[in-house]
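The values are calculated or read from the model by the stated rules, or taken from the named source; none is laboratory data. Bear in mind the structure is a predicted one, so any value in this text is a computation, not a measurement. Cβ sites come from the backbone with ideal geometry, for glycine too, and all protein chains shown count toward neighbours. To get the accessible areas, we keep the full protein, side chains included, count just its heavy atoms, and leave off ligands, DNA and RNA. Shrake-Rupley method; radii C 1.70, N 1.55, O 1.52, S 1.80 Å.
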Amino acid sequence: MAFEKVCTLDDVWEGDMDCFDTANGTSVLVLGVDGGDLKAFQAICPHQEIELVEGEFDGKVLTCKAHLWQFDTNNGKGLNPTDCKIAEYPLKIEGEDVLVDIDGIEPFTAHS
Amino acid sequence: MSNLKDAFKQNKVGPVFNGGDVAQAAIEAAEWDNPDKEITVVDKGAYIRISAEQELIITRESMEEALGRDFQMNEIEIHLGSMAGQIEVTPEQIRFYFEKTL
Amino acid sequence: MAVFPISSNFEGDFVLQLIPVDTDDTMDQVAEKCAYHSVGRRVAPQPDKIMRVRVHQATESLPRDMKVSEAGWRPTETIDIIFADQ
Amino acid sequence: MSDSAQTLKPLKTWSHLSKQRKRPSEYEIVTTNLHFHTNNKEKPFEVGQDAKMNDWYITYRNNSPLKHDNWDAFRDPEQLVYRTYNILQEGQEAYVTGLLNQFSERGNDQMISKEWAADLARLYTPSRYLYHALQMCAAYLHQISPASTISNLGTYQSADHLRWVTHSAYRTCELAKTWPDVGLGENEREHWEKDPAWQGFRELAEKALVTWDWAEATVVLNVILKPAVSAAVQKQLGLAGAENADTLLSLLNDAQMRDAERHQRQTKSLMEFAMSNDANTSIIQGWVDKWQPLADKAIDAYCAALTDLPDAAEDAKAYVISVRKLFGLA
Amino acid sequence: MYQIPRAEWYDLTRATNWTYSYVSEDEIFPEEMSGSRGIPIEAWETYDEPYKVSYPEYVAIQREKDAGAYSVKAALERDAYVDRADPGWISTMIAHYGAIAVNEYAASLAEARMARFSKAPGNRNMATFGTLDENRHGQIQLFFPHANIKRSHQWDWAHKAMHTNDWASVAARSFFDDIMLTRDAIAVSIMLTFGFETGFTNMQFLGLAADASEAGDHTFASLISSVQTDEARHAQQGGPSLKILIANGHKEEAQKLVDVSIWRAWKLFSVLTGPIMDYYTPLEHRSQSFKEFMVEWIIIQFERQLADLGLDAPWFWEDLTNDLDVTHHGMHLGVWYWRPTVWWNPAAGASPEDREWLEEKYPGWNDTWGKCWDVITDNINNGREDLTLPETLPYVCNMCQLPIVGTPGSGWDVKDYQLEFEGRLYHFGSEADRWCFEQDPERYKEHQNLIDHFLAGDIQPADLPGALTYMGLGPGEMGKDAHDYAWAQAFKKQAEVA
């Protein structure tokens, strides 16, 4: 397990999302979900490799801009369609820094 | 330009629209509703100034004719950005006028 | 000696400026202090001329060696600085 | 000047909202912290201190007995902005237009009795004076409140009250077409000024209009006066209408109650916000205790005229108590 | 729409005065808030608003207006016009929003003053809509610039400006507070809705929209011209007040209120709108000169309206027409020279082509203003940027709070209009500014302008950096030349060629 810093608390506010690269070039989507917690997920939609950061996020549900696939940002599960999900990365906060651990987690593709 | 001091001594009245099909219709309507008057139209892109001497009337009936649809007189407000002269609005017509002739 | 604020109206410039002068300054020194904020900034230098000081819109310039304290100015008084031959 | 812009982090929202670290809503972007004249408590406006208006704002706004460290932190629970207010009320007016036109076609006014038409001329159509007083009171709150988010409550409420005035005026005109000889459109002012049914409300309205302290004025309008109006002139009169085959009246009053209930939700939030400073609770309760008797008197006088409803006054006062309870007040 | 025509029931919506008996009429309408000037309430009840609207019409029409303006914004947002707009045009928007947005919101308080305190029921109802209108104008003009906030800290000033002591903010507040926030209801109807809104808002919301449209900024053009459609309606509140004042023997006072409002509006526009139209808007997009817009909207249209309502041309009318060739050039040069003290990046607008245009529109420009710009241009081209930046403060007027300016160069004619009042020396930028003060010294005499604060030691350290801090300007906010002096390069090349 190796946590690494991807951004600071000021980069992703509640209701915001943004995409950051880790040291090895993996893209991570960080979201400020309702209530103030931060979550980290794979940055690419499992459907057709569209960047999720270009979609919509209402604090709870993440919607891909291309075909309106939707995900519950509480756990990454697909809401529509339901037979898909996005991979979540462990995230922790140290001071003002936001750290994620991508070790051993592979992004999902298609209806997996 | 020393004559500027007296530049206001003229009697042109009329609406200024910020574009839209209402402005085009109003130009037609003004011609119909003020048959004895010369209607001047100045198009500045973002606004169109329609004017006549002393009094200019635009009726709802003419607006409907020009637009080819129902028209409530107060819809004119959506595009009416300004006006020269005093204004009087009734459900059937809008009237721009000066009380005095200079 | 004490700081004394005046409003400088410099010939050829477009604006009045706040200039702190000193009660011991002569009119020549006042002119210099005002020139610093106008000449070479928005007013072309006139090396063949001298700068004279007068109360705003007065017809007569004040003596070049007169001190501010002797001029009877009110604080923030507006002063014209004029290019002159002498 | 060195250009240090590059080294600055880009802003995500107005600097004053940035501390929240929360993506601001449209409501927050356009309604918060707009009263620049609350910045300098001793000198609200950019004119000389002697300009009289400075005194008015210092006395009735800045020196109000009701205190809060940061009135600007108040948020309207409805998050109303201008754009959504018009969408909301255009919809509500479409509904009312439908009601009016539908009942007109159905001959509502021909079906009521002349006695009820006369009652309406006495107990309903003079309401435009009362509603207009509410409109004026809310306009005062708009200009005197200590935060833009509080002022905005007054803005939309004032417009809502004009809406009620408009409904009354329209119905006055419409009813007079069927019932030309009961004084409709003619005697409203006289009823409002002299009829015993209205005198309690008139007294309360006139006194509310000259309440200048912003906080007391807020309490008088939204905690005392308006719930009393809702209870008697909207709810009980609406019930009386239903008793007299005037379904339109009760539906129209119900439609206006939707505005009043929105005002109640806003008032509830504002009272909670104010009473988060404990010292304010007794001040507000003191105002309630001072003003409620006048409101009760107004309700009694008005409801006494609703002869079809013997329990009208009791029911109305019970409603008023329930609204006060909603506000966290006794 | 309701079935019965509005005309049949409209009067009932404004039959809402009654005989007060639990409190007195004077208590309901305190003179300092109402301003009925001894004219009986029955006279005020004859107030007849020429531009009528009812509640259901209002919400329907306004919803449609908003739908139009917001949909243009949404459609153009992805277009990212702002990223490719000329820097001078960006400055136009940033200056506009900072000076206007929050003051528009404040105007809703002034409308509410009429809605509560006017003795004319028709005025109260129209002002209730006017309150909503200004609520709209504040909100929409905050929402649009907020979309750009990531682009520069200067956009923050759309919200922030009025909360600071920046000199331009003080000048804007000084005007708006004077004509709308600190006046009684009737004075508001005359100074704000008549004096300002039937006249000057046309300059900022239609004149400028013409430039915006030329510059390809359709979002801004549609926004501000939509704002002006509300103004066109609620501005009509002043006319009936004027008629009542004149009919009741108060013409002189009405005239005075109008004159003060016009002069003060003119001065604010000379620093805000003048530079925007004649210098910031890229040359190829200038639809008319500032002076030409002023002639169209103020000199011809507005002044004619004044005459029709039975008022005279303000006594300073000849001064004003003469100043159309002078004041805004000075304000522009001042803003540009003191650019670190403003929240936008002033465009010099002084390239050879610009100067040719200015000379054509303002004959003699090169020999006067041009002389100052010659010195500035040489300093830029000789690596002496330091000489193009200020080291002291301009002297500002005790009325308009703006620099005291006049014609430079060969036509040098800079005047200070001084007044000693109760032992204090006041400075004014014009005869009319001094006259405004003299009409109501109690209202203005204790006000401290920027220089007064500086001399009183309120600005620390007492130098320009101290002043910038006092004004609330931080890094990334202070203005710099919008085009990074590219306009001066052309002169260098000219010189090299020669």
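Where in the range B:59-102 are there trypsin sites (Lys or Arg not before Pro) that are in a DSSP coil and have at most 13 other Cβ atoms within 10 angstrom of their Cβ?
Hits after loop and neighbour filter: B:R69, B:K100.
Stick to Cα atoms and the Kirkwood definition of Rh, then tell me Rg/Rh for the range D:33-137.
1.20
Rounded to the nearest 20 debye, what is the charge dipole size of chain E about its Cα centre when +1 sits on each Lys and Arg Cβ and -1 on each Asp and Glu Cβ?
In total the dipole reaches around 1040 debye.
So what does E:L206 come to for accessible area, using a 1.4 Å probe and Å² rounded to 10?
My reading of the accessible area for E:L206 is about 0 Å².
State, to one decimal in nm, how far the label point of B:T90 lies from the label point of E:D386, with both points 7 Å from Cα in the Cβ direction.
7.5 nm
Would you mind finding the longest exposed-site-free stretch of chain B, with exposed GluC sites (Glu not before Pro) meaning DSSP loop and at most 12 other Cβ atoms within 10 Å?
Free of exposed loop sites, the longest segment is B:39-91.
Taking both sides together, what accessible area is buried at the C/E interface, probe 1.4 Å, expressed in Å² and rounded to the nearest 100?
Result for this pair: about 2600 Å² buried.
On average, how many beta carbons from a partner chain sit within 10 Å of the beta carbon of a residue in E:382-392?
Partner-chain Cβ atoms within 10 Å, mean over residues of E:382-392: 3.
Taking all protein chains as present, what is the carbon and sulfur share of the accessible area of the range B:7-102, in % to the nearest whole number, probe 1.4 Å?
Roughly 46 percent of what the probe reaches on the range B:7-102 is carbon or sulfur.
For E:V170, C:V55, what's the largest-to-smallest order of accessible area, 1.4 Å probe?
From most exposed to least exposed: C:V55, E:V170.
Using all Cα-Cα distances in the protein assembly as shown, what percent lands in each 20 angstrom bin from 0 up to the longest?
For the protein assembly as shown, the pair-distance distribution reads 11, 38, 35, 14, 2, 0.
Among A:I105, A:C19, A:P46, pick out the residue whose Cα is farthest towards the positive end of the charge dipole of chain A, where Lys and Arg carry +1 and Asp and Glu carry -1 on C-beta, about the Cα centre.
Positive-most Cα among the choices belongs to A:P46.
I'd like the mean, over residues of E:446-457, of how many other protein chain beta carbons sit within 10 Å of each residue's own Cβ.
Taking the mean over all residues of the peptide, I get 3.
Please give the charge dipole size of the protein assembly as shown, origin at the Cα centre, charges +1 on K and R Cβ atoms and -1 on D and E Cβ atoms. Round to the nearest 20 debye.
The dipole magnitude comes to about 1360 debye.
With all protein chains present, calculate the accessible area of B:S51 using a 1.4 Å probe and round the result to the nearest 10 Å².
Its accessible surface works out to 10 Å², give or take rounding.
Among the listed pairs D:K194/D:K226; D:K226/D:K297; D:K226/D:K268; E:K371/E:K480; A:K65/A:K85, which are separated by more than 18 Å between their Cα atoms?
D:K194/D:K226; E:K371/E:K480
To the nearest 100 Å², how much accessible surface do chains B and E cover up together, summed over both, with a 1.4 Å probe?
3500 Å²
For A:E56, put the label point 7 Å out on the Cα→Cβ axis and report which residues of the range E:58-90 keep their amide N under 20 Å from it.
Within reach of a label on A:E56, which here means backbone N under 20 Å from a point 7 Å along Cα→Cβ, the range E:58-90 contributes E:67-80.
Quick check: pseudo-label points 7 Å beyond the Cα along Cα→Cβ at A:T22 and A:T82, how many nm apart are they?
The two pseudo-label positions are separated by 3.1 nm.
Identify, among E:V102, E:P145, E:S118, the residue whose Cα sits farthest towards the positive end of the charge dipole of the range E:86-149, taking +1 on the Cβ of Lys and Arg and -1 on the Cβ of Asp and Glu, with the dipole about the Cα centre.
Final value for the positive-end residue is E:S118.
At 1.4 Å probe size, with the rest of the protein present, what percent of the exposed accessible area of the range D:199-330 is carbon and sulfur atoms?
53 percent
Taking the Cα centre of the protein assembly as shown as the origin and placing charges on Cβ (Lys, Arg +1; Asp, Glu -1), which of D:I283, A:A66, B:L4 is farthest toward the positive end of the dipole?
Result: D:I283.
Using R₀ = 51 Å, calculate the FRET efficiency as 1/(1 + (r/R₀)^6) where r is the Cβ-Cβ separation of E:A80 and D:T281; round to 0.05.
0.50
Got the relative contact order for the range A:35-111 handy, in percent, Cα pairs under 8 Å and 6 or more residues apart?
Computed value for the range A:35-111: 29 percent relative contact order.
Determine the dipole magnitude for the range E:370-446: charges of +1 sit on the beta-carbon of Lys and Arg, -1 on that of Asp and Glu, nothing else is charged, the reference point is the Cα centre, and the result goes in debye to the nearest 20.
Taking the Cα centre of the range E:370-446 as origin, the dipole is about 100 debye.
Going by Cα centres, the range D:216-277 and the range E:102-125 are how many Å apart?
24 Å
Want the number for D:L326 to D:M111: 0.36 nm per residue separation, take away the alpha-carbon distance, what's left?
Residue separation times 0.36 nm, minus the Cα-Cα distance, leaves 73.5 nm.
What residues does the range E:359-377 have that are buried by at least 40 Å² of accessible area in the full protein assembly compared to the chain on its own, 1.4 angstrom probe?
Relative to the lone chain, where solvent access is computed with a 1.4 Å probe, the range E:359-377 loses at least 40 Å² at E:C372, E:V375.
How many square angstrom of accessible surface are buried between D and E, both sides summed, with a 1.4 Å probe and rounding to 100?
Accessible area lost upon association: around 8200 Å².
In whole percent, what relative contact order does chain D give with Cα contacts below 8 Å and a gap of six or more residues?
Computed value for chain D: 21 percent relative contact order.
Taking 8 Å as the Cα distance limit and 6 or more residues as the minimum spacing, I'd like the relative contact order of the range E:70-229 as a percentage.
It rounds to 25 percent for the range E:70-229.
When only the heavy atoms of the protein chains count and the probe is 1.4 Å, how do A:I93, C:I19, D:I283 rank by accessible area, highest first?
Ranking A:I93, C:I19, D:I283 by accessible area, largest first, yields A:I93, D:I283, C:I19.
Put D:R122, E:R434 in order of accessible area, largest first, 1.4 Å probe: what do you get?
D:R122, E:R434
Determine the per residue accessible area of chain E with all protein chains present and a 1.4 angstrom probe, expressed in square angstrom.
With all protein chains present, chain E gives 27 Å² per residue.
What do you get for GluC sites (Glu not before Pro) in the range A:71-107 restricted to DSSP loop and a cutoff of at most 13 other Cβ within 10 Å of the site's Cβ?
Loop-located and lightly packed - A:E96.
P(r) for chain E: what percent of alpha-carbon pairs falls in each 10 Å bin, starting at zero?
4, 19, 29, 26, 15, 6, 2, 0, 0
Percent of accessible area on chain A owned by carbon and sulfur, 1.4 Å probe?
Heavy-atom surface of chain A belonging to carbon and sulfur, 1.4 Å probe: 45 percent.
Using a 1.4 angstrom probe, figure out how much accessible area chain A has per residue, in square angstrom, rounded to the nearest whole.
Spelled out: the 1.4 Å probe surface of chain A, per residue, equals 50 Å².
With every protein chain in place, what's the accessible area of D:T211 (1.4 Å probe, Å², nearest 10)?
Rounded to the nearest 10, that gives 10 Å².
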